[in-house]
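Participant: After the structure tokens below, expect a handful of questions from me.
We did not get these values from a lab; they are worked out from the coordinates using the rules stated. Quantities reported herein were computed from a predicted structural model and do not represent experimental measurements. Neighbour counts run over all protein chains shown; Cβ positions are idealised from the backbone, glycine included.
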Amino acid sequence: MATLRDVTIREAAQTPGRSYGVDERIAAGRALDRLGVDAVQAGFPVVGETDRETVRRLADDGLDAAIVGLARATTGDVEAALDAGADVVEVMIPTSDRQLAHVLGASREEALAMAGEALDRAREGGADGHLTLVDGFRTDPAALADVFASASSVPTVTVADTVGARTPETVRRIVADLLDRGVDADRLGVHFHDDLGVGAANTLAATRAGATSADVSVASLGERAGNAALERVVVADAVDGDGDGAFAVDRSALVPACRAVLDALGEDVDPRTPVLGEAVTTHESGIHTAAMLRDPGVFEPFDPATFGGERRLVFGEGSGRGSARALLERAGVDPTAERVDRLLDLLAERGPLDVEAATALIEESF
């Protein structure tokens, strides 16, 4: 099984124009814990009191998920995360040549030395120390493997596609290359952004290639185009996997938990958003609804109930004769041509109606 580490709270707060209070973040963190994610990255404590208080309160909340505080490889950042009581201090360093030169202004060796000191301080302070390699997917795999070797005591090292520049085939190749170079799969985590629209696909590619933990975000909330969507990763893995799924979360709580996170943060999604959007599990087309009254799976990739959602079949102006006949049969009424025509007129007049309301309409009209 692979583990999911949620970054919604921290990533969403970095989105321009977004501002969430401590109580909203706490409610989101609790909803994520109910879902069963392995860790919740609750904030970047050195940034300010809102992040520190969020980490502090969630860490004191007795949640099953580990509470993660993000830190750069500096003493001040690590001390802020420790003061906030983070279970895990996740230290980040850039590893690509471009980021080392223009973000850190240091060599890779200097960056590793800084990370080592920061991780030592995190452990001395009583927290677990994890490492994230910024722009890792644009770093030579040989250099990445050297980082894993030099940080052999770190239980989780996350390779980040920081600018969302990779696609699944490249991700599979890089993960396979790292494993071939001796990187322990149990230590290999991944973090993807969705700038090319393939964050979830990249996450699946990485975990199926051998990575054992992945960062995700509800509804892709995060800076720029956001991160790999938690709900898409879980559902796609279940639908296109071996049936058991690779991720240890409560599938039946997925949609309610994600919606609780969105509600807590005051966010919503477009109706056509995969998994979470209302339109995704609502059907009105006559051809579709006629068949789905008998077997919903004929026009669905998954049963919404499996993930805590619900299906809506609606009948109205767009319903065809097949749907009308199926509704009449379902209600125990002989579907003569005259009755089908009459029901279609009624549906066009009063619809759209769900199955129960359409059945009640038939019972009162025929």
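Participant: Per DSSP H run of at least 4 residues, take -39500 (n - 2.57); add these up for the chain, divide by its residues and hand me the 222 nm value, nearest 500 deg cm²/dmol.
Facilitator: Helices in the chain give a 222 nm mean residue ellipticity of -13000 deg cm²/dmol.
Participant: While we're looking at this one, here's another question. Out of (i) 90, 45, 33; (ii) 61, 46, 41; (iii) 82, 43, 33, which label holds the value of Cα extents along the principal axes in Å that was computed here?
Facilitator: Of the listed options (i) 90, 45, 33; (ii) 61, 46, 41; (iii) 82, 43, 33, (iii) comes from this structure.
Participant: Which of Glu364, Glu284 comes first, and how do the rest follow, when ranked by fewest Cβ neighbours within 10 Å?
Facilitator: Glu364, Glu284
Participant: Roughly speaking, what is the stretch gain from Arg321 to Arg350, that is 0.36 nm per residue apart minus the C-alpha to C-alpha distance, in nm to one decimal?
Facilitator: 8.8 nm
Participant: Can you tell me how segment 278-365 classifies by the Cα gyration tensor, rounded, prolate or oblate, using a/c under 1.5 as the rounded cut?
Facilitator: Prolate shape, in that a/c is at least 1.5 and a/b is the bigger ratio.
Participant: Arrange the peptides 178-186, 24-32, 193-201 so that the one whose residues have, on average, the most other Cβ atoms within 10 Å appears first.
Facilitator: 24-32, 193-201, 178-186
Participant: Fully extended, how many nm does the chain gain between Ala225 and Asp240 (0.36 nm per residue separation, minus their Cα-Cα distance)?
Facilitator: Separation in residues times 0.36 nm, less the Cα-Cα distance, equals 2.9 nm.
Participant: Now for a separate question. Just add up the charged neighbours of Ala264: K/R +1, D/E -1, any other residue whose Cβ is under 10 Å from the Cβ of Ala264.
Facilitator: Computed value for this residue: -1.
Participant: How far is the Cα center of segment 92-171 from the Cα center of segment 254-270, in Å?
Facilitator: Spelled out, the Cα-based centre of one part sits 32 Å from the other.
Participant: Please give the length that would be gained between Asp97 and Ser285 if that part of the chain were fully extended, namely 0.36 nm times their separation in residues minus their C-alpha to C-alpha distance (nm, one decimal).
Facilitator: Answer, rounded to one decimal: 62.4 nm.
Participant: Going 7 Å from the Cα of Ala176 toward and past its Cβ, which residues in segment 189-210 have a backbone nitrogen under 17 Å from where you end up?
Facilitator: So the set is 202-210.
Participant: Calculate the spin-label point distance for Ser152 paired with Glu338, positioning each point 7 Å from the Cα along the beta-carbon direction, and give it in nanometres.
Facilitator: Taking the two extended label points, one gets 8.8 nm.
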